[in-house]
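Asks: Below you'll find the structure I mean.
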């Protein structure tokens, strides 16, 4: 196995400002809230609040909302919120020079929050003291018959033809110009632990999966993923559902409604989730997942090469448009300007990033 040298920017923080507990919700701006409400409902969320200028959707579990959309002329990803333990964590974050004060959280479930911006310019809120909006009745996971255990007797598998059951938001993935600076900010500010780091072929890191540090209590393999990119951009957000049948039936239902499929069903390599990706009405990716890895704080960081093969263990080939933007003249001019201004990117590094993305994930597939 290739030996990779850990970068000190990606070491665990010895004294982070706080230790985030989970992803609370994601935030977007969209021109048409009715269109978003229809898509997110078919995706498996439920409406918690609707006004002329805001749509709030929730999952079946967890306090507060899962997805917040404000009405705006142009669609954009605003950022996300991380849940912290209590008011004392908010006090610590509010003392940072760039932070807001502690403010009431004007969303269903209430609570308090502090507003920050990460080095890429995304809005990052820390939230605490949220109350549950609702706890829905959900079906039990499908019992399986295996050669070892026979758990389903005298019964068939008949998952209902309906949207998947979104339980909660699980993670959000960002592409950023200044990879090391941004990843370090999440590590030092929110105490996130690198579960896995991926490297280019020159041995330099370019992507990290970050999980919450809950000590002996297990946390998702990743809550925030930071990868190097030629623009500061949203890649996708992911939402936990019940099981494989929920992922697959969610796909069937979304296909029946005419929404655009992005990639899946498959199983990821890092995090192990069974996944299925969709594009919302404005082209941004959202993911259903089930059966993800859970790590406590004792698990050390993994190291691997960055390439498309590392995205999944099994499933259909990665679509060519999955991570690649449309190469318009305006976009290319923006990229050239970004590279020239960046402290971490260079044209040579971008070439290595592109080579990693373009490498065939399954060489035997033509």
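Asks: Hey, any hits in the range 167-176 for a residue that's more than 21 Å from residue 288 (Cβ to Cβ) and in a loop (DSSP other than H, G, I, E, B)?
Replies: Scanning the range 167-176 turns up no residue that is more than 21 Å from residue 288 (Cβ to Cβ) and in a loop (DSSP other than H, G, I, E, B).
Asks: Find the strands (runs of 3 or more DSSP E) located wholly in the range 43-149 whose residues include 3 or more that are in contact with a helix residue (DSSP H, G or I) (Cβ under 8 Å, 6 or more places away or on another chain), and list them. So that I can check it myself, show each step before the final result.
Replies: Numbers: elements: 46-50, 54-58, 67-71, 76-83, 112-117, 123-128.
In the range 43-149, 54-58, 67-71, 112-117 are the strands (runs of 3 or more DSSP E) which contain 3 or more residues that are in contact with a helix residue (DSSP H, G or I) (Cβ under 8 Å, 6 or more places away or on another chain).
Asks: Is it the case that residue 87 is modelled with pLDDT of 95 or more and under 14 Å from residue 190 (Cα atoms)?
Replies: Numbers: modelled with pLDDT of 95 or more: yes; under 14 Å from residue 190 (Cα atoms): no.
No, not satisfied.
Asks: Now a separate question. Do you know which residues across the range 340-357 are part of a helix (DSSP H, G or I), within 26 Å of residue 319 (Cβ to Cβ) and in contact with a helix residue (DSSP H, G or I) (Cβ under 8 Å, 6 or more places away or on another chain)?
Replies: So the first thing to find is which residues in the range 340-357 are part of a helix (DSSP H, G or I), and the list is 340-341, 347-357.
Checking the rest, the ones that are also within 26 Å of residue 319 (Cβ to Cβ) come to 349-357.
Scanning the range 340-357 gives 350, 356, 357.
Asks: Please go through the range 114-155 and pick out each residue that is surrounded by 15 or more Cβ atoms within 10 Å (Cβ to Cβ) and more than 23 Å from the chain's Cα centre (by Cα). Give the steps one after another, and end with the answer.
Replies: Residues of the range 114-155 surrounded by 15 or more Cβ atoms within 10 Å (Cβ to Cβ): 114-116, 118-120, 122, 124-130, 133, 142.
Across the range 114-155, the qualifying residue is only 142.
Asks: Let me ask you something else. Failed condition for residue 274, given (1) under 15 Å from residue 247 (Cα atoms); (2) buried (at least 17 other Cβ atoms within 10 Å of the Cβ); (3) in contact (Cβ under 8 Å) with a residue 40 or more places away in the chain, with all others met?
Replies: Looking at each condition in turn, residue 274 falls short on (3).
Asks: Here's a check for you: in the range 171-185, which residue that is within 11 Å of residue 210 (Cβ to Cβ) and in contact with a helix residue (DSSP H, G or I) (Cβ under 9 Å, 6 or more places away or on another chain) is surrounded by the fewest Cβ atoms within 10 Å (Cβ to Cβ)?
Replies: Per the criteria, the residue is 184.
Asks: Continuing with this model, one more query. Restricting the search to the range 190-203, which residues are in contact with a helix residue (DSSP H, G or I) (Cβ under 8 Å, 6 or more places away or on another chain), farther than 16 Å from residue 119 by Cβ and in a loop (DSSP other than H, G, I, E, B)?
Replies: 200, 201, 202
Asks: Please work out which residue is nearest to residue 250 (Cα to Cα), limiting yourself to the range 16-42 and to residues that are assigned to a helix (DSSP H, G or I) and out of contact with any strand residue (DSSP E or B) (no Cβ under 9 Å at 6 or more places or on another chain). First the steps, then the outcome.
Replies: Going through the range 16-42, the residues assigned to a helix (DSSP H, G or I) turn out to be 33-42.
So of that shortlist, the ones also out of contact with any strand residue (DSSP E or B) (no Cβ under 9 Å at 6 or more places or on another chain) come out as 35, 38, 42.
Details: 35: 18, 38: 14, 42: 8 Å.
Ranking the candidates gives 42 first.
Asks: Any chance the range 222-244 includes a residue that's under 17 Å from residue 274 (Cβ atoms), part of a helix (DSSP H, G or I) and more than 16 Å from the chain's Cα centre (by Cα)?
Replies: Checking the range 222-244: at least one residue is under 17 Å from residue 274 (Cβ atoms), part of a helix (DSSP H, G or I) and more than 16 Å from the chain's Cα centre (by Cα).
The values are calculated or read from the model by the stated rules, or taken from the named source; none is laboratory data. What you see is a predicted model; the values in this text were computed from it and never measured. Reconstructed Cβ throughout: ideal geometry from the backbone, glycine too, with neighbour counts over all protein chains shown.
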